[in-house]
Structure formats: C-alpha cells, structure tokens
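Take a look at the structure set out below.
Bear in mind these aren't lab numbers, they're just calculated from the coordinates by the rules spelled out. This is a predicted model, so every value here is computed, not measured. We place every Cβ from the backbone using ideal geometry, glycine too, and count neighbours over all the protein chains shown.
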Amino acid sequence: MTGGDAAAEICARIDALAAITEDPPRLTRLFLSDEHKRANDLVSAWLIEAGMSARVDAIGNVVGRIEGARPGLPALVLGSHLDTVRDAGRYDGMLGVVTAIACARELRRDGARLPFALEVIGFAEEEGVRFGTGMLGSRAMSGTFDPALLERSDERGVTMKDAMRRFGLDPEAVPAAARNRGDILAYAELHIEQGPVLEAKNLPVGCVTSISGASRFEVELTGRAGHAGTVPMGERRDALAAAAECVLAVERRCAAEAGLVGTVGRIAALPGAINVIPGIVRFSIDVRAPDDAQRQRAAADIERVIASIAAARRIGLAMRKVHELAAAPCAPWLMAQIERAIAAEGIAPFRLASGAGHDAMTMASIADVGMIFVRCAGGISHNPAESILPEDAAIGARVLRRLILDFARAEAETMR
C-alpha cells in the first residue's frame, strides 16, 4: 500500500463524507437522519467497489463482507462509526471505516485469499447526540440493545422508533442485528487518538490497552422563577445558581483522583430571559475512568452532593442515569499482533489507554477487541480543527493491512 496513494484516497473519501451534513459548512450527521442515509449509500458504493457485498442491517449499520476460503466462515471485523457530534471534526469514526475499506480493496486487488471472512462496519450511531445515549449501532450488533430505548425522544420530540420507521427500518426487528460470538473472530478498530499522547511521543500510531467506562446523567433542577429586580437574594430559589454549584462539585470530585474525569457538557436555563430568575435548569454529567469501581464511586458521590446542594437551596431535583458502559480491556493476544504490525513499519510500539468511548467497548461483549490509534494534531477532537497528517493516515492503513495479514497467518497456523 503506497503511502501517497493511500493517503490521498483516504483523505479524499473522508472529505466526501464530511460534505454530507445537515448544517454546512459545519459537520453534523446524526443517527437516522437523511444525512445518515446518504452516508450509508456512499459507503455502500465504496464497499461494492472494493469487491465486498454491502447491506444495511436492522439498526442502520452498513455492513460490507468478503467471504473467506468458503462461504459462511467467521469474520475478522473492522470498522468504526459514521455519525458525528454537532460541529464535528471529520476524522472521528470516519477514518476507521474508510481505512478498513481501503485495506479490503487492496487485499482483493492483490488476490489475497483469507482463511476467514473479512467484514467492514460503518456503525450507525456511537456519539449519543440525537437520543442522549450512545453506541446504539454496536449495542444492537452485540445483542445488548435495550428495547426501552426505542421510546426515547430527540429534541424535536421524535421517538427513536418513529425515526427508524421514517428511515425505512422496523423497530421491532432490531434484535435481528445481533451477532453471535462464534460469528466474529475479533474486532479491530482504527481511530484517531483524540488526545495529545502520541503527538507528545512523536509517534504516528499506538496500540490501545483499554477503553474507559462511562456513566452519564441528565439532571433537572426546579426552583422558582421570579423578577430579577424585586425578589430579595435571601428569598430566591435560583435553579441556575444551584446548577453552578453542582458543576463545580463535579469538577472538584473528578479532579481529586488520577484517571478520573467529569464533564458537564450541556446546560439550559429556563425561561432564559435576562430579567428573570431561572426557574428550571437542565444539564448533563459525563463521568469516565479506566477503572469501573473508581468511576462508580465518583458517580455515587456526585449524586449525593447534588442532592445535598438541591436540598440546601430548596430546589427540586430529578436526576437519572441515561448511559452506563463498563471499561473494556483490549485482548492481550490482539494487542501483540497490533504491536508486531507497528514494529514491522519501523515504529516503536507504544501502549496507551483510551479515555474516549468507542464501539470496540460494546463489541467486547461478543468478541475480543483491539484498537489502533492514529496521532491527531494537538490532541484536538470533536472540533472542526480536528486534523491528522496524510502520512499518518498512510501509516495507519499499512499497520491495519499488516494486522489483517498477520491475523490470516495465525489463523492458517491453527488450521494445520
């Protein structure tokens, strides 16, 4: 796989996907949107051009497959997601899908005959933007999708089940997307790092050891709206002042332990007038850590302190957990294969954990998983400034291709 040709193709295809957005020039592509359908159509065309079959499964994942030595063999599965956050960068998720297709096409062109099937997945939803909970594509594929999620509504009041019908999918058929553990030999995901570690180490790629678990909450504080000029300070039940105290409590608790992070990423105050004391405030909380016990302790502490703040300020509180994913270690044997592929490129293997969540952590419930990180500029992600070097894209592609071939050799050895 020549560096310049591979990089040019990968970057051009990522640009083509980035042009599919609901609010240009910003990149926003949400689950079950018209843009999601257009992205699936484009990726399906690339899969077919690469010599793969292409289909959209019951949750909206696009699935490409090349059969192995005979039809129906278990598959090595590669992929990432095609949805984005609002005003996103163009590499998060898309790099893994486009690179996997490039590798499949080159292997097909070279006449490689693998002793297993090769699949490429463009997951329908990972970010959790539209319905407030993420990994929906990989949850459906891993058989861990909760049917109750179909009743969740987006900000316009559209339920997930109605959005699925509009998309052309049957919400009752979601279980049909589930795969059996025996169908998948392993799942490998190439992804931008979304952090600064590789850049600081001057390394283009790295091997992921584990993916941090995450707990997410939606909080609603209910005070009493009133006139900003006439209600004395001591008589106020200001929901926004209470929320400010809660936000700082999250920051304080998560700053107290290494590896633990907490974020309030969304907040809204009502009625939202400059001369009215806020009566209702809604905000999100995201808590992550590589150790599940550490994360769960912190989440419980945060729930307690928020309840205490609300009580002290005479504020009503409704707090619910909307997302819970356990930390996912990568398989040691697959990490070893990734490191061999990296070393074969003349690069010192380097291991690092992922603070961001990925579809790999959900797929870990039905298959051993591994991840390759590609360096990103300044560690910036979920931002239009998200960027990678073309030469790093080419290195990532070569490492992924070597992983496939190394995997094939290892499978062939076991069959002898």
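Figures for the structure shown
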read-out: Cα-based reach from Lys161 at 14 Å (exclusive), listing aspartates and glutamates while leaving out same-chain residues under 8 positions away; value: Asp146, Glu151, Asp170, Glu172
read-out: Computed over the range 213-325: relative contact order in percent, which uses C-alpha pairs under 8 Å that are six or more apart; value: 46 percent
read-out: Alpha-carbon centroids, the range 348-365 and the range 240-302: separation in whole Å; value: 25 Å
read-out: The chain: angle of helix 3-18 to the longest principal axis, Cα-based, in degrees nearest 10; value: 40 degrees
read-out: Likely footprinting exposure, Phe31, Phe131, fewest C-beta neighbours within 10 Å first; value: Phe131, Phe31
read-out: Nitroxide proxy distance, nm - points 7 Å out along Cα→Cβ at Ala148 and Arg181; value: 2.6 nm
read-out: Hz values of 3J(HN,Hα) by residue in the range 185-192 - Karplus curve (6.51, -1.76, 1.60), Gly and Pro given as x; value: 6, 5, 10, 10, 10, 9, 8, 5
read-out: Relative contact order for the chain, counting Cα pairs under 8 Å that sit 6 or more residues apart, in percent; value: 22 percent
read-out: Residue order, fewest to most surrounding Cβ atoms within 10 angstrom, among Arg224, Arg398; value: Arg224, Arg398
read-out: Helical mean residue ellipticity (222 nm; -39500 (n - 2.57) per DSSP H run of 4+; nearest 500) of the chain; value: -11500 deg cm²/dmol
read-out: Cβ-based exposure ranking for Tyr91, Tyr187, in which fewest neighbours within 10 Å come first; value: Tyr91, Tyr187
read-out: The range 213-325: projected area of the alpha-carbon convex hull, averaged over directions, in nm²; value: 6.7 nm²
read-out: Within the chain, percent of DSSP bridges classed antiparallel, to nearest 5; value: 70 percent
read-out: The range 213-325: antiparallel DSSP beta bridges as a percent of all, rounded to 5; value: 100 percent
read-out: For the range 202-236 and the range 62-128, distance of Cα centres in Å; value: 35 Å
read-out: Choice from Ala360, Ala293, Ala273 showing the highest fluctuation, given a GNM over the chain with Cα pairs closer than 10 Å; value: Ala273
read-out: Relative contact order (percent, whole number), the range 260-365, Cα cutoff 8 Å, 6+ residue spacing; value: 21 percent
read-out: GNM result for the chain, Cα springs below 10 Å: residue of Leu169, Leu270, Leu203 fluctuating most strongly; value: Leu270
